[in-house]
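See below for the structure under consideration.
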There are 2 protein chains.
Amino acid sequence: MAMYDMTNLQYQAVYNVLSFALASMMATTVYLWFRSSAVKAQFKSAVLISGLVTFIAAYHYMRIFNSWVEAYEYKIDKEDPALTGVPFNDAYRYMDWLLTVPLLLIEILLVMKLSDEEFSSKAKALGVAAALMIVTGYYGELVVSGDLTPRWVCWFVSMLFFLYICKELLVGLAGATQSETDPIVKDKIKMAQIMTVISWCTYPVVYLFPMLGISASHSVVAIQIGYCCSDIISKCGVGLLIYQITYAKSNKEGLLP
Amino acid sequence: MAMYDMTNLQYQAVYNVLSFALASMMATTVYLWFRSSAVKAQFKSAVLISGLVTFIAAYHYMRIFNSWVEAYEYKIDKEDPALTGVPFNDAYRYMDWLLTVPLLLIEILLVMKLSDEEFSSKAKALGVAAALMIVTGYYGELVVSGDLTPRWVCWFVSMLFFLYICKELLVGLAGATQSETDPIVKDKIKMAQIMTVISWCTYPVVYLFPMLGISASHSVVAIQIGYCCSDIISKCGVGLLIYQITYAKSNKEGLLP
C-alpha cells in the first residue's frame, strides 16, 4: 500500500484502534476455547472454530499493528510522525479473511439443523464464493489513488460473490432456521445471520472511501477504523453468539456435561 | 499525551509500578483460569471472565510499560533520562477500561441471585453506562496542561455515568444481595460491590491531579501510580473475591465436581 503522511492524532487513532481489536480478538479466543467444554459434544467443534477465527485474526492484528508502528517514526523535535519508508502491509487483512471468512460461514452452518449432505454442499458453495470474493477484492485494494477504474471493476466483481453469500445466508438457510423449535435459539440464529450480513456490508462501503473524494490519509484512517469495527462485530460478536446458541441448545436438550 | 522531562527517580518509580501491576495481572489470570475448574458449572463463566479481565489488563500493561520505556532514553553522561520524541501512549488505559469495565460489572452480576431477565437488563444498562463513562473521560484526558476547561467538562459528564453505576451497584442490587441466605457469601458479595466502588473512586480523583496545581511531570507520575493501585484492587482484588464467592457457593450447595 502506498504510504501517506499522518498527523500525530491520525497515527494514534489507527494505532489505538488496532491494539483494541487485537485485545478483543485475544480475549474472545480464550473465552471461546475455555467454554468449548461447556457445550454438548456435537457443538464443541462450532465453538472451537469460532475461537479459531478470532485466534487467526489476533495473529494478523499483531502483524498489522507492528507493520503500522514500523511505517512511521517519531523524531524529538517534531510532533507528527515521519514516514520510515517501510510500507504498511494491509495485505494481512486479505490473508486473514481468506482463512477466517470460510470458517465464519462454517461456524454458522454447524449450529443449524442441516443434514450432512446439505451441510457439505452449502459449506462448499459458500466457501468457494467467499474465496473468490476476497481474491477479486484484493486486486482493487492495491489502487487507492490516481485512476480508480480497476478498483471499481474489482468492487463490482467482488460484490457479485458478496450478494450471493448474503442471499444464501438470509434466504437459502431460512428454511433450516424456521425448523428450530426453541424460539430463543431461533432468534439467536437469525441474529447471527443478520449480524454477519450487516457487519459485512461495511466492508464494501469502507472499500469505496478512496472513490468518495476522501483524501488519501483520511481514507487510510477511516478504512482501518472501519475494518476494525466490522471485524470485532463479525468475529467476536458472532462468535460469542454462536457459543450462546450452542449453550442454549445443550441446556435445552438436558445433556450438559 | 504531551511528554514531560522526568528525573531518574520519577522515571524509575513509574517503570517499577507498571512492572509490578503487569506481574500482578499475569499471576491473577493464571490462578483464576486454573481455579475455574474448581467451582460448579454455573459459576465457571464468572471465574473465567474475572481471569479474562486481568488477562486483557496484562496485555495493556505490557504495552504501557513498553511505551514508557520507548519515551525516554539514558545517555552515558547524564543521570536523568532524556525524551526520545516517541509519545507515551496513555490511551491504552482507556482501551483497556472499555473492554474490562463492562466485564468487571458482568462478573459481579454473574455471582448474584438474579433472574435471566434481570441479569440481561442490568448487564445492558451498566455496560452502556460504563462505555459512556470511559469515552467521555478519554476526551478530557488529552488535556493535561494549559486551559483545563475541557478536562473539567469531561470530568463532570463522566461522573454522571460513574454515579449512576455506583448507585446501581450499592442500591439497585442491594435486594439481590439481601436474598443470599449464607451470611459469609452475603458479606463477600457486599465486599465485592464496596471494593469496586471504593477502588473506582480513585479514578476521578487521579483524573483531577492536573487541576490541583500539581506540576505536569509530578502529576504524570502520580496519575500512573494511582491508576496502577486502583487497577490492582479493582481487577485482581475483586477477581479473587469473585472466585471465593463462587467457591463458597459451590461448597455450600454440596455439588463440587
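Below is a table of values for the structure above.
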item: Residues within the range A:1-17 that are among the aliphatic types (A, V, I, L, M) and facing chain B (nearest Cβ under 10 Å), tallied; result: 3
item: Filter pass, B:TYR61 being part of a helix (DSSP H, G or I) and either without any contact (Cβ under 8 Å) to a residue 40 or more places away in the chain or on the phi > 0 side of the Ramachandran plot (or both); result: no
item: In the range A:1-58, residue farthest from A:ALA222 (Cα to Cα) [restricted to those that are of a type in the set (Val, Ile, Thr) and not in a helix (DSSP H, G or I)]; result: A:VAL39
item: Per-region count, the range B:53-100, residues among the basic types (Lys, Arg) and over 19 Å from B:PHE20 (Cα atoms); result: 2
item: Search result, residues across the range B:69-105 that are assigned to a helix (DSSP H, G or I), more than 13 Å from chain A (Cβ to nearest Cβ) and surrounded by fewer than 20 Cβ atoms within 10 Å (Cβ to Cβ); result: B:VAL69
item: Search result, residues across the range B:76-96 that are among the polar types (S, T, N, Q) and touching a strand residue (DSSP E or B) at 6+ places or on another chain (Cβ under 6 Å); result: B:THR84
item: Scan of the range B:169-190 for residues that are over 18 Å from B:LEU114 (Cβ atoms) and hydrophobic (A, V, I, L, M, F, W, C), ordered by number; result: B:ILE184
item: Some residue of the range B:176-190 being closer than 22 Å to B:ALA216 by Cα, charged (D, E, K, R) and touching a helix residue (DSSP H, G or I) at 6+ places or on another chain (Cβ under 8 Å); result: no
item: The range A:18-35, subset without any contact (Cβ under 8 Å) to a residue 60 or more places away in the chain and more than 7 Å from every other protein chain (Cβ to nearest Cβ), residue farthest from A:CYS229 (Cα to Cα); result: A:TRP33
item: Some residue of the range A:217-240 being touching a Phe, Trp or Tyr at 6+ places or on another chain (Cβ under 7 Å), outside any loop (DSSP other than H, G, I, E, B) and surrounded by fewer than 16 Cβ atoms within 10 Å (Cβ to Cβ); result: yes
item: Members of the range A:111-134 that are among the hydrophobic types (A, V, I, L, M, F, W, C), at pLDDT 90 or above and over 17 Å from the mean Cα position of the chain (by Cα); result: A:PHE119, A:ALA123, A:ALA125
item: Single residue of the range B:197-207 satisfying the filter (closer than 15 Å to B:ILE225 by Cβ and not polar (S, T, N, Q)) that is surrounded by the fewest Cβ atoms within 10 Å (Cβ to Cβ); result: B:VAL205
item: The range A:36-60, residues that are within 12 Å of chain B (Cβ to nearest Cβ) and surrounded by 20 or more Cβ atoms within 10 Å (Cβ to Cβ); result: A:ALA38, A:VAL39, A:ALA58
item: Sole exception among (1) over 25 Å from A:PHE88 (Cβ atoms); (2) assigned to a helix (DSSP H, G or I) for A:PHE209, by number; result: (1)
item: Residue identified as of a type in the set (Ser, Thr, Tyr), without any contact (Cβ under 8 Å) to a residue 60 or more places away in the chain and within 24 Å of A:ASP96 (Cα to Cα) among A:SER219, A:SER230; result: A:SER230
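Residue by residue, here is whether (1) polar (S, T, N, Q); (2) modelled with pLDDT of 90 or more holds:
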position: A:ASN8; (1), (2): yes, no
position: A:THR54; (1), (2): yes, yes
position: A:SER67; (1), (2): yes, yes
position: A:TRP97; (1), (2): no, yes
position: A:LEU105; (1), (2): no, yes
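The values are calculated or read from the model by the stated rules, or taken from the named source; none is laboratory data. Being a predicted model, the structure only gives us computed values, none of them experimental. Note: ideal-geometry Cβ built from the backbone for every residue, glycine included; neighbour counts use all protein chains shown.
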